[in-house]
Structures are given as C-alpha cells and as structure tokens.
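*Asks:* Below is one structure. I have some questions about it.
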C-alpha cells in the first residue's frame, strides 16, 4: 500500500483528530495519548461522518444501577444514529461480530525517511525537526 503524509505529528495533539483526504477517501486520524489511529470517515451503518462524532469512553454495566466508565476518549460515536466504534480497532459496539469501521495502518516517521528514493543525487545536510503522521491507504 502507498504511504501518504497527512500532517506533522505536532499538528495533531493528544485527544484531537484530523480529517484527511487520500485518493478520494476521507480518513480521520486520531491521537490517543500520543499514539495515532486512522478510521474511514464513513460510518458503516448509514454513512455519517465519524470526524463529526462525539469522542467518548466505554460504559459497561454488571447489573441495573451499576455503571463503569472506562477507556475515556477511545470510542467515537456516529453523530447520525449513535453507533459507537473503538478508535483503536474500528470494532462496532452495536454489532461487533459483523460491523466495523475500516481502519488504516498509521506510523509516525521522521522526515528524513520520507525523502529517500531510488535516485542518487548530490545532497546537502538538512536538519529535520518534525515528525509526520503517515497513513497507509
């Protein structure tokens, strides 16, 4: 798969997200505590924009009246019908056996790795200070 630079890592701070368009596909890149994850922006239920959804956590109950809130910020809720997806895996919490948001591999690479190629040319020393978020699509 081809790799696409979507942003400098510093431009997507922890707890935020960025919408990128890659080869006609809209992809949401999330930063969860310094780790990056990417999902297709289209909810598989009816096509709502996951970028515009609410980022929340997981609510579980062992019995009526007892609730446990965990994994804050790791679940994205579609704004149209409330379907929830695990940002790390794309798994649906509404129908986990059959429905998931498509996820994409993400890496953070130093700028020096992105400019290497098959050609040999005269080079000049350059200082690269940033790292960039790269999505494989």
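*Asks:* Just need a number here: residues in the range 3-30 that are assigned to a strand (DSSP E or B) and within 14 Å of residue 111 (Cβ to Cβ).
*Replies:* Going residue by residue through the range 3-30, those that are assigned to a strand (DSSP E or B) are 3-8, 17-22, 25-30.
Now drop any that are not within 14 Å of residue 111 (Cβ to Cβ), which leaves 3, 5-8.
Qualifying residue count, the range 3-30: 5.
*Asks:* I want to confirm something. Restricting to the range 57-72 and keeping residues that are assigned to a strand (DSSP E or B) and out of contact with any strand residue (DSSP E or B) (no Cβ under 9 Å at 6 or more places or on another chain), which single residue is surrounded by the fewest Cβ atoms within 10 Å (Cβ to Cβ)?
*Replies:* Across the range 57-72, the extreme among qualifying residues is 63.
*Asks:* Could you run through the range 42-56 and say how many residues are closer than 14 Å to residue 102 by Cα and in a strand (DSSP E or B)?
*Replies:* Result for the range 42-56: 2.
*Asks:* Does residue 15 satisfy being farther than 26 Å from residue 1 by Cα and surrounded by 11 or more Cβ atoms within 10 Å (Cβ to Cβ)?
*Replies:* yes
*Asks:* Please work out which residue is farthest from residue 11 (Cα to Cα), limiting yourself to the range 113-137 and to residues that are surrounded by 10 or more Cβ atoms within 10 Å (Cβ to Cβ) and modelled with pLDDT of 65 or more.
*Replies:* Out of the qualifying residues, it is 137.
*Asks:* Name every residue in the range 42-56 that is surrounded by 14 or more Cβ atoms within 10 Å (Cβ to Cβ) and within 15 Å of residue 15 (Cβ to Cβ), in order of residue number.
*Replies:* Selection gives 51, 53, 55, 56.
*Asks:* Restricting to the range 73-113, name every residue that is in contact with a helix residue (DSSP H, G or I) (Cβ under 8 Å, 6 or more places away or on another chain) and either in a strand (DSSP E or B) or farther than 25 Å from residue 46 by Cα (or both). Let's see the steps before the verdict.
*Replies:* Step one: of the range 73-113, the residues in contact with a helix residue (DSSP H, G or I) (Cβ under 8 Å, 6 or more places away or on another chain) are 76, 78-79, 85, 101, 108.
Listed by number, the residues that qualify are 76, 85, 108.
*Asks:* Among the residues of the range 91-107, is there at least one that is surrounded by 14 or more Cβ atoms within 10 Å (Cβ to Cβ) and within 20 Å of residue 130 (Cβ to Cβ)?
*Replies:* yes
*Asks:* Do the conditions hold for residue 39, that is, is it within 13 Å of the chain's Cα centre (by Cα) and either surrounded by 14 or more Cβ atoms within 10 Å (Cβ to Cβ) or not in a strand (DSSP E or B) (or both)?
*Replies:* Answer is yes for this residue.
*Asks:* Closer than 16 Å to residue 131 by Cα and either surrounded by 13 or more Cβ atoms within 10 Å (Cβ to Cβ) or in contact (Cβ under 8 Å) with a residue 24 or more places away in the chain (or both), is that true of residue 85?
*Replies:* no
The values are calculated or read from the model by the stated rules, or taken from the named source; none is laboratory data. These figures come from a predicted structure and were not determined experimentally. Neighbour counts are summed over all protein chains in view; Cβ atoms, including those assigned to glycine, are modelled from backbone coordinates with ideal geometry.
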